[in-house]
Amino acid sequence: MPLVPMRVLLDHAAENDYGLAAFNVNNMEQIQAILAAAEETDSPVIIQASRGARSYTNDAYLRHLMLAAAELHPSTPIAMHQDHGNSPETCLSAIEQGFTSVMMDGSLKADGKTPADFEYNADVTRKVVDAAHAQGVTVEGELGCLGGVEDGHGAGLSAEEAMQHLTDPDQAEEFVALTGVDALAVAIGTSHGAYKFTEKPTGDVLVMSVIEEIHRRLPNTHLVMHGSSSVPQELLEIIRQYGGEMKQTYGVPVEEIRRGIKNGVRKINVDTDNRLAITGAIRKVFATNKGEFDPRKYLGVSREAMKQVCVDRMVAFGQAGNASKIKPVTCKEMVCFYQRAGCGARDHALVG
Ligand SMILES: [Zn+2]
């Protein structure tokens, strides 16, 4: 089937109380790993590319790889999402490339580093919503700032500073009313990258009360958790065992994410865990077979290692078993949906 708008997947997840992992990709093996995991678990799929991924693949390679994924997996609904669009121009160019969903991250200015004010954020996000919905493309916005930096994007806040930039529920309500976004990324104390928490998290890792309050006020807006890799200690251990140097770090426990899913979180961004799995698998081949020089021998096992992480998340978040239940909808059909719903699109469920 053609790539589907992300909104279709988020609506199905909301109606059936599950969450969807959104995995970042940069190359063929990562896309294959996600699709193999999706086939095995009957999962709908969100694949996302950062600006860095788009320049690494030169857009055209990525576009054709995604078309190949759709061709080879006709029964898997796949949404293609721009992660952290820094400006309306980035989002519009993604739509031109065939992305079915875009994130306009106006929480930061176009440099991707400087925290922006509410008015700027609402203004650029509204612009993207107008252009994207006219083509049936889904839009994710962001309010509040996360810690860390991902692919050069982020304010670089420490975990403590990030706690000062949590999403304000009052502002969230106003932001959604002003912009009409389909999904909203919220800051609840998570950080991008591998180094999230230096101590093993105990008790309340995230400010779950913020999610609960936003979900209570905006029951029809799909919430998104960024920086939500779990950083499994066994993956760090494999890297260290075969010569890598990883400082001690902890991620967001899967249990915390499941609490979020109970409170309206429908999209969970996962990148670091896959990077760790890939790196560990490649290091192991290099360390145990020093004469190996066939790229398929190390890229193949890295693909398998990433697939396992994807399977684990798909099962944990509840998206497994749902691909075959989703009625595919095209971007063209979504145009009518948004026109019918006017700017109150978020208040109407699409399916069911
Ligand atoms: Zn992010």
Of the residues that make up segment 149-168, is at least one of a type in the set (S, T, Y) and surrounded by fewer than 23 Cβ atoms within 10 Å (Cβ to Cβ)? yes
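Which of the residues that make up segment 293-332 are of a type outside the set (V, I, T), at pLDDT below 95 and either farther than 28 Å from R258 by Cα or surrounded by 20 or more Cβ atoms within 10 Å (Cβ to Cβ) (or both)?
Passing the criteria: C331, K332.
Could you tell me how many of the residues in segment 34-43 are within 16 Å of the chain's Cα centre (by Cα) and assigned to a helix (DSSP H, G or I)?
Counting residues in segment 34-43 that are within 16 Å of the chain's Cα centre (by Cα) and assigned to a helix (DSSP H, G or I) gives 3.
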Please count how many residues of segment 102-121 are away from the ligand (no atom under 14 Å from the Cβ) and crowded, with 22+ Cβ neighbours inside 10 Å. 1
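Any idea which residue in segment 173-188 is nearest to Y338 (Cα to Cα), counting only those that are in a loop (DSSP other than H, G, I, E, B) and either of a type in the set (S, T, Y) or at pLDDT below 95 (or both)?
Among them, the one singled out is A187.
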Within segment 148-161, the residues that are more than 11 Å from K113 (Cα to Cα) and either within 13 Å of the ligand (Cβ to nearest atom) or assigned to a helix (DSSP H, G or I) (or both) are D151, A159, E160, E161
Among the residues of segment 167-186, which ones are within 16 Å of the ligand (Cβ to nearest atom) and either in contact (Cβ under 8 Å) with a residue 60 or more places away in the chain or over 24 Å from H81 (Cα atoms) (or both)? V181, A183, A185
Does any residue of segment 279-287 turn out to be in a helix (DSSP H, G or I), aliphatic (A, V, I, L, M) and without any contact (Cβ under 8 Å) to a residue 40 or more places away in the chain? yes
Hey, among I268, I257, which residue is in a strand (DSSP E or B), in contact (Cβ under 8 Å) with a residue 40 or more places away in the chain and buried (at least 16 other Cβ atoms within 10 Å of the Cβ)? I268
Would you check if D312 is within 16 Å of the ligand (Cβ to nearest atom), under 17 Å from the mean Cα position of the chain (by Cα) and without any contact (Cβ under 8 Å) to a residue 60 or more places away in the chain? no
Name the residue that is farthest from the ligand (Cβ to nearest atom), counting only residues in segment 224-253 that are surrounded by fewer than 16 Cβ atoms within 10 Å (Cβ to Cβ) and assigned to a helix (DSSP H, G or I). Q241
Can you give me the number of residues within segment 77-94 that are of a type in the set (V, I, T) and surrounded by 23 or more Cβ atoms within 10 Å (Cβ to Cβ)? 1
Mind checking which pairs have a first residue in segment 225-252 that is on the phi > 0 side of the Ramachandran plot and a second that is more than 16 Å from the ligand (Cβ to nearest atom) and in a helix (DSSP H, G or I), Cβ under 9 Å, 6 or more apart or different chains? V231/L276; G243/R283; G243/F286; G243/A287
For the subset of segment 9-46 comprising residues that are in contact with a helix residue (DSSP H, G or I) (Cβ under 7 Å, 6 or more places away or on another chain), surrounded by fewer than 21 Cβ atoms within 10 Å (Cβ to Cβ) and without any contact (Cβ under 8 Å) to a residue 60 or more places away in the chain, which member is farthest from V270 (Cα to Cα)? M28
From T190, T138, residue being touching a residue at least 60 places away in the same chain (Cβ under 8 Å), within 13 Å of the ligand (Cβ to nearest atom) and among the polar types (S, T, N, Q): T190
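Is it fair to say G180 is more than 30 Å from T100 (Cβ to Cβ) and touching a helix residue (DSSP H, G or I) at 6+ places or on another chain (Cβ under 6 Å)?
Criteria not met by G180.
The values are calculated or read from the model by the stated rules, or taken from the named source; none is laboratory data. Predicted model, so just to flag it, every value in this text is computed and none were measured. So basically every Cβ, Gly included, is an ideal-geometry build from the backbone, and we count neighbours across all protein chains shown.
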